[in-house]
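Inspection log for the structure reproduced underneath, given as structure tokens.
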Amino acid sequence: MAAQARTEHDAGREKGRAAGAATLALAVLACALLASVVLACGLGSFPATPGETLRALLQAAGLHAGAPVDPSLAVVVVDIRLARVVLAGITGASLAIAGAAFQGVLRNPLADAFTLGVSGGAAFGASLAILSGIAGGAALAGDARALPACALAGALAALALVLGLSRAGGGPLSNLRRETLVLAGIVVSTFLSALISLLKSLDEESVSSIVFWIMGSFQGRGFEHAALAWPYMLLGAGIVFWRAGELDVLSLGETQARMLGLDAGRSRLWLLFGASLLSGAAVAVSGVIGFVGLVVPHLVRLALGAGHRRLLPASALLGALLLIWSDVLARSVLPRGAELPVGVVTALVGGPFFCLLLARRGSGGGRA
Amino acid sequence: MLEGLGRADAIVARTDADRLPARIAKLPVIGTHMRPNEEAVLAQRPDLVLQMAGRKEASLPVEALRKRGVRVAVFRAESFAELFSVIRRVGTLTGSAPQAEDMVRGMEARLAALDARMARAKARPRVFYEVRSPNLLAAGQAGLVAEIIRRAGGVNCVEDAAKFAHLSEEEVIRLEPEAYIIQRGPMNPAPLPLGKRPRLRTIPAAASGRAWFVDEQKYARPGPQSVDAAEELAGLLHPELKPQEITPAKGAKHKDRK
């Protein structure tokens, strides 16, 4: 009796400690994010001392009383760097939340926006917009809204197509098998990438625009892009967070979920929709950026465990951090202001990291 | 170029992007300049295939043509000196060497006149030449555009030694260009005017309004029109230095050539 009480007591303490650790981790990540935003605004080819950077940021916030900052410096720090940092941050957070949700819903550690063809759909929508000239070159410069809209529409259309394909064998939409979903996703993804190649070979003049866009980059993006994307991201994140508890239940498996009284099919549809909104909006403004959605949730699971109420916010913060710093690398590695596509940086960082995870898992050392 | 040599009638086919002069627009297309189609070229039974050196993919089919016994000449013109030698060689290959010599002489004379005019320029503005945006690409120090800028009395503010330079908006702000040239054409189909790019609002070119669109075909494709490009740019950069003598003879001669 006493022993049992002690175990329960220990379990409670364990739980409390885990929650404390999670809160601490979230606080640390949030502080790191704040510091990163300021630091990242100070880095780039235009010379700016930390003091000048800070003054420019304060001036933009209306908190700087002294002499006005050099206008060029203010544009560089606020309109160019801060805008990119904000966009990279919300994009990274969105991709990470979406990745966690896809992995939870599909109970597949390899799942992300690519698996269900959502990224492919967005990329196809954008390619089509570039090729048909609705978007032209002006879209990325913020003059037209057509490109992001087409990308988002493409993402949701791809999801609809995958769901439609999955139920082709009959049965209600709410009762889909995970394996079927993944298979349909891969088929749609592959088909879409073939279509993109087709578009590219049809019009050589657009190839560089399409390739540049698909590789993923924050170059030339401004606050207008963040403004375009955040409502969808917020909506998507809202849906996923609202159903975070259901994600936990879903990841136990179909039967358990039903035993616990969860309408698994419905819950899954909602979560897929939310995650697709998130990744569609992310792809819409920044192109296809891989590995964030895949790697970040894994990292967080290693540190904080699989509970989605902790996993989701921590993934969001870590995703934002990862993408902000990847973008800093992308824009500062090459001399004279030349840039790497940020998708290349995340893949270069994410690839080896993923190998490491696999190796640990292979040797039985990790929980991932 | 062949048009200028009076031999445009000898052209039997073109690439997809060649639409000038108007009379060749109706000719069969043998593919694009990046991926010419070997079979389509052979179908025209050409005596001579002319190509501007470009990417590797573009030269493979042409190499294959050479192996099949078709006469092939591949050119590179990254400066006016190279352009002149290309014109002379094309002249020789098409049996119009004297016309080619005339054309080169005329171009040299106009460039010399332009040089003399620009020697009087008090200041040489820092010029930024935008090849493509978004995914900003600028003209670097190599290539014909760089020489056009120099001949037109400007200084290319992009210091990259290559023909093209990738750079960020931040770098453009750091370079402080006094004139911003945006080429419009296949490489840059829908560029925004500088006035609609709020992040570049503080560069000197935006403040002074010295920003212009130019024709990619005229500036970036080496040919007789490259001298027109240099003269046009000189007029934009140095409106105070009017050409002293626009002799009718010269103008008429020019018209003949075109």
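The values are calculated or read from the model by the stated rules, or taken from the named source; none is laboratory data. None of these values were measured; they are calculated from a predicted model. Because the Cβ atoms are built from the backbone with ideal geometry, glycine has one as well, and the counts that use them run over all protein chains shown. Ligands, DNA and RNA are excluded from the accessible area calculation, which covers all protein heavy atoms including side chains. Shrake-Rupley method; radii C 1.70, N 1.55, O 1.52, S 1.80 Å.
Numbers below:
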{"quantity": "Å² per residue, accessible surface of region B:173-232 at 1.4 Å", "calculated": "39 Å²"}
{"quantity": "Sequence-distant residues sharing a close amide H with residue B:183 (under 5 Å, placed H)", "calculated": "B:130, B:214"}
{"quantity": "Karplus 3J(HN,Hα) series, Hz, for region A:82-89 with 6.51 cos²θ - 1.76 cosθ + 1.60 (x for Gly, Pro)", "calculated": "4, 4, 5, 4, 4, 5, 4, x"}
{"quantity": "Surface accessible to a 1.4 Å probe, per residue, for the residues of region B:43-144, Å²", "calculated": "49 Å²"}
{"quantity": "Positive minus negative residues near residue A:43 (Lys, Arg vs Asp, Glu; Cβ under 9 Å)", "calculated": "+2"}
{"quantity": "Positive minus negative residues near residue A:342 (Lys, Arg vs Asp, Glu; Cβ under 9 Å)", "calculated": "-1"}
{"quantity": "Linear extension gain, residue A:348 paired with residue A:67, 0.36 nm per residue minus alpha-carbon span", "calculated": "96.9 nm"}
{"quantity": "FRET efficiency for residue B:215 and residue A:180, using Cβ-Cβ distance with R0 set to 41 Å, rounded to 0.05", "calculated": "0.15"}
{"quantity": "Label-point separation in nm, residue B:78 to residue B:44, each point 7 Å along Cα→Cβ", "calculated": "2.7 nm"}
{"quantity": "Set of region A:98-132 residues, backbone N closer than 13 Å to the point 7 Å along the Cα-Cβ line of residue B:32", "calculated": "A:131-132"}
{"quantity": "Interchain or long-range residues, amide H under 5 Å from residue B:75's placed H", "calculated": "B:51, B:52, B:53"}
{"quantity": "Interface size A-B, as summed buried accessible area [1.4 Å probe, Å², nearest 100]", "calculated": "2500 Å²"}
{"quantity": "Counting DSSP beta bridges with both ends in region B:126-237, the antiparallel % (nearest 5)", "calculated": "35 percent"}
{"quantity": "HN-Hα J in Hz across region A:150-156 - Karplus 6.51, -1.76, 1.60, θ = phi - 60°, x for Gly and Pro", "calculated": "5, 5, 5, 4, x, 4, 5"}
{"quantity": "Rounded, prolate or oblate (a/c below 1.5 giving rounded, otherwise prolate when a/b exceeds b/c) for region B:126-237 by Cα gyration tensor", "calculated": "rounded"}
{"quantity": "Value of relative contact order over chain A, rounded to a whole percent, pairs C-alpha under 8 Å and six or more apart", "calculated": "26 percent"}
{"quantity": "Accessible area (Å², per residue) of chain A, counting only protein heavy atoms and a probe of 1.4 Å", "calculated": "43 Å²"}
{"quantity": "Once the Cα gyration tensor of the protein assembly as shown is diagonalised, semi-axes √(5λ) in Å", "calculated": "56, 31, 18"}
{"quantity": "For region B:80-88, 3J(HN,Hα) per residue [Karplus equation, 6.51 cos²θ - 1.76 cosθ + 1.60, θ = phi - 60°, Hz, x = Gly/Pro]", "calculated": "5, 4, 5, 4, 4, 5, 5, 4, 4"}
{"quantity": "Residues of region A:38-87 buried by at least 40 Å² on assembly (accessible area, 1.4 Å probe, chain alone as reference)", "calculated": "A:45, A:46, A:72, A:75, A:79, A:80"}
{"quantity": "Modelled FRET efficiency - R0 25 Å, residue A:332 with residue A:60, Cβ distances, 0.05 increments", "calculated": "0.70"}
{"quantity": "Potential extension, residue B:159-residue B:196 segment - 0.36 nm per residue separation minus Cα distance", "calculated": "10.8 nm"}
{"quantity": "Residues in region B:134-174 that, when all protein chains are in place, have 20 Å² or more less accessible area than the chain alone would give (probe 1.4 Å)", "calculated": "B:134, B:135, B:160, B:166, B:167, B:168, B:169, B:170, B:171, B:173, B:174"}
{"quantity": "Pairwise Lys count, the protein assembly as shown - Cα closer than 22 Å, eight or more residues apart or different chains", "calculated": "16"}
{"quantity": "Percent accessible area from carbon and sulfur atoms, the protein assembly as shown, protein chains only, probe 1.4 Å", "calculated": "62 percent"}
{"quantity": "Principal axes of chain A: Cα extent on each, largest first, Å", "calculated": "73, 55, 38"}
{"quantity": "Shape category assigned to region B:86-167 from the gyration tensor of Cα positions, a/c cut at 1.5", "calculated": "oblate"}
{"quantity": "Protein-protein interface of region A:191-223, residues with accessible area decrease of at least 20 Å², isolated chain reference, 1.4 Å probe", "calculated": "A:201, A:204, A:205, A:208, A:212, A:219, A:220"}
